[in-house]
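Remarks on the structure that follows.
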Amino acid sequence: MMTFPRRSLLAAPALLLPRVALAAPLKVAFVYVSPISDAGWTYQHELGRRAVDAAIGAAAKTSFVENVEEGADSERVIRKLASDGNDLIFTTSFGYMNPTQKVAAQFPKLKFEHATGYKRSANLATYSARFYEGRYATGIVAGRMSKSGIIGYVAAFPIPEVVQGINAFTLAARSVNPKAVVKVVWTSSWFDPGKERAAADTLIAGGADLITQHTDSTAIAQAGEEKGVFTIAYNSDESKYGPKTCLTAVTHNWADYYIGRVKAAIDGSWKAGDVWGGFKAGMTKLAPYGAAVPEAVRKETDAAIAAIASGAHVPFQGPINDQSGKVKVAAGKALKDDEILMMKWFVQGVQGTI
């Protein structure tokens, strides 16, 4: 910006330049289901929001609301964000789907994006990661590292997103240890450290010497470290909570997606649609292996990741039987995306009910 001495401005007002209207920054809001903390599902989305701030700067102004319960409370929060003039709203939990759809219909000029859902419209997009790919990779680690062959799985809700992961994890574990079983305990909550810890204690008492999770807190990693039981974390690298026992984690990278979508909203190229990315897209990754994981297991797991990313290996490749022993996927066949997205059955080796 040009500057002039104060005297010059007073003496020659004609030198004042007319104001140029600057484009207002795009207002972007995020809705989180749990507190941000320093690990977990919400933390990963928060890292994505911070990446938007760093990459786009003054062209976008981001905000967030954390610890928003699914259901009526989320609808109120989403509507308030829309009424407050946000141009693009990301709602980051499965239970926000219907509230997001309802508010999007009431604000057709605004843009909405919902994580892990399947309902879309002209101004409502959906996005998710192929979590099951990461689950398959960690299932190999679990199958190799469990001595008892009893593996615990603390899970939130019996929805397809969660069921896919349990099945992929079990298939991989049994591919290296055919006698392995995966015991599932439901918490009926995405984030409840108390329930998650109680579930872990129950599984350990039942003989599990390795536990993984599809919940959001660090309670599982902490329980494993205290009791000397291996754990595989979810969402974030939780090794600092289990330096001796946490073997790795399925992690998610939302930064590239969020940056791209905000840029699209700014330049006018944003369109509603659906994105489902895995290892190949970089949306699903594994955290660094813990010291307890042998080099041979690391190489075997890395090879599986590379094969999945290249398309050389498909986690839900037949033959696959369900819990009753019935063939669900014949040899030489593989589940299609729409079948995976609607998965409501458990594979052989899972001990639990949907």
Mind checking whether some residue in region 248-258 is open to solvent by 10 Å² or more (accessible area, probe 1.4 Å), modelled with pLDDT of 95 or more and hydrophobic (A, V, I, L, M, F, W, C)? yes
Checked region 59-87 for anything small (Gly, Ala, Ser), out of contact with any helix residue (DSSP H, G or I) (no Cβ under 7 Å at 6 or more places or on another chain) and under 26 Å from Asp38 (Cα atoms); matches are Ser63
Name the single residue, out of those in region 147-164 being under 12 Å from Ile211 (Cβ atoms) and touching a Lys or Arg at 6+ places or on another chain (Cβ under 9 Å), that is surrounded by the fewest Cβ atoms within 10 Å (Cβ to Cβ). Ile150
Tabulated pairs, region 96-120, first among the β-branched types (Val, Ile, Thr), second open to solvent by 60 Å² or more (accessible area, probe 1.4 Å) and part of a helix (DSSP H, G or I), C-beta under 8 angstrom, 6+ apart or interchain: Val103/Arg79
Residues of region 151-181 satisfying the condition of being assigned to a loop (DSSP other than H, G, I, E, B) and over 22 Å from the mean Cα position of the chain (by Cα): Asn177, Pro178, Lys179, Ala180
Restricting region 192-221 to residues that are aliphatic (A, V, I, L, M) and without any contact (Cβ under 8 Å) to a residue 40 or more places away in the chain, the residue that is nearest to Lys244 (Cα to Cα): Ala221
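Conditions tested, residue by residue: (1) in contact with a strand residue (DSSP E or B) (Cβ under 6 Å, 6 or more places away or on another chain); (2) of a type outside the set (A, V, I, L, M); (3) at pLDDT below 95.
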{"position": "Phe30", "(1), (2), (3)": "yes, yes, no"}
{"position": "Leu47", "(1), (2), (3)": "no, no, no"}
{"position": "Ala55", "(1), (2), (3)": "no, no, no"}
{"position": "Ala58", "(1), (2), (3)": "no, no, no"}
{"position": "Val68", "(1), (2), (3)": "yes, no, no"}
{"position": "Asp73", "(1), (2), (3)": "no, yes, yes"}
{"position": "Asn86", "(1), (2), (3)": "yes, yes, no"}
{"position": "Thr92", "(1), (2), (3)": "yes, yes, no"}
Taking the condition surrounded by fewer than 17 Cβ atoms within 10 Å (Cβ to Cβ), closer than 27 Å to Ala221 by Cβ and not charged (D, E, K, R), does Pro288 pass? yes
Residue selected from region 295-338 under the condition free of Cβ contacts under 8 Å to residues at least 12 places away in the same chain and of a type in the set (D, E, K, R), by the criterion nearest to Ala208 (Cα to Cα): Arg298
Counted residues, region 243-279 - those being farther than 15 Å from Leu124 by Cα, in contact with a strand residue (DSSP E or B) (Cβ under 9 Å, 6 or more places away or on another chain) and of a type in the set (Gly, Ala, Ser): 3
Output the number of residues of region 300-334 satisfying the condition of being open to solvent by 30 Å² or more (accessible area, probe 1.4 Å) and closer than 17 Å to Arg130 by Cβ. 10
Filter result for Glu238 (in contact with a helix residue (DSSP H, G or I) (Cβ under 7 Å, 6 or more places away or on another chain) and open to solvent by less than 10 Å² (accessible area, probe 1.4 Å)): yes
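Just the residues that are aliphatic (A, V, I, L, M), touching a strand residue (DSSP E or B) at 6+ places or on another chain (Cβ under 7 Å) and closer than 18 Å to Asp209 by Cα, please, taken from region 112-146.
If the condition is that a residue be aliphatic (A, V, I, L, M), touching a strand residue (DSSP E or B) at 6+ places or on another chain (Cβ under 7 Å) and closer than 18 Å to Asp209 by Cα, then Val141, Ala142, Met145 are the ones that fit.
Quick grid of which residues meet (1) crowded, with 23+ Cβ neighbours inside 10 Å; (2) not hydrophobic (A, V, I, L, M, F, W, C):
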{"residue": "Val182", "(1), (2)": "yes, no"}
{"residue": "His214", "(1), (2)": "yes, yes"}
{"residue": "Glu226", "(1), (2)": "no, yes"}
{"residue": "Phe230", "(1), (2)": "yes, no"}
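So that you can scan it fast, the table gives a plain yes or no per residue for (1) basic (Lys, Arg); (2) more than 20 Å from Ala156 (Cα to Cα); (3) assigned to a loop (DSSP other than H, G, I, E, B):
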{"site": "Val314", "(1), (2), (3)": "no, yes, yes"}
{"site": "Asn321", "(1), (2), (3)": "no, yes, no"}
{"site": "Ser324", "(1), (2), (3)": "no, yes, yes"}
{"site": "Lys328", "(1), (2), (3)": "yes, yes, no"}
{"site": "Gly332", "(1), (2), (3)": "no, yes, yes"}
{"site": "Glu339", "(1), (2), (3)": "no, yes, no"}
{"site": "Lys344", "(1), (2), (3)": "yes, no, yes"}
{"site": "Thr353", "(1), (2), (3)": "no, no, yes"}
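The values are calculated or read from the model by the stated rules, or taken from the named source; none is laboratory data. Treat the numbers as computed from the prediction; the structure is a model and nothing was measured. Note that we place each Cβ from the backbone using ideal geometry, even for glycine, and neighbour counts take in every protein chain shown. The area values use the complete protein model at the heavy-atom level, side chains included, leaving out ligands, DNA and RNA. Shrake-Rupley method; radii C 1.70, N 1.55, O 1.52, S 1.80 Å.
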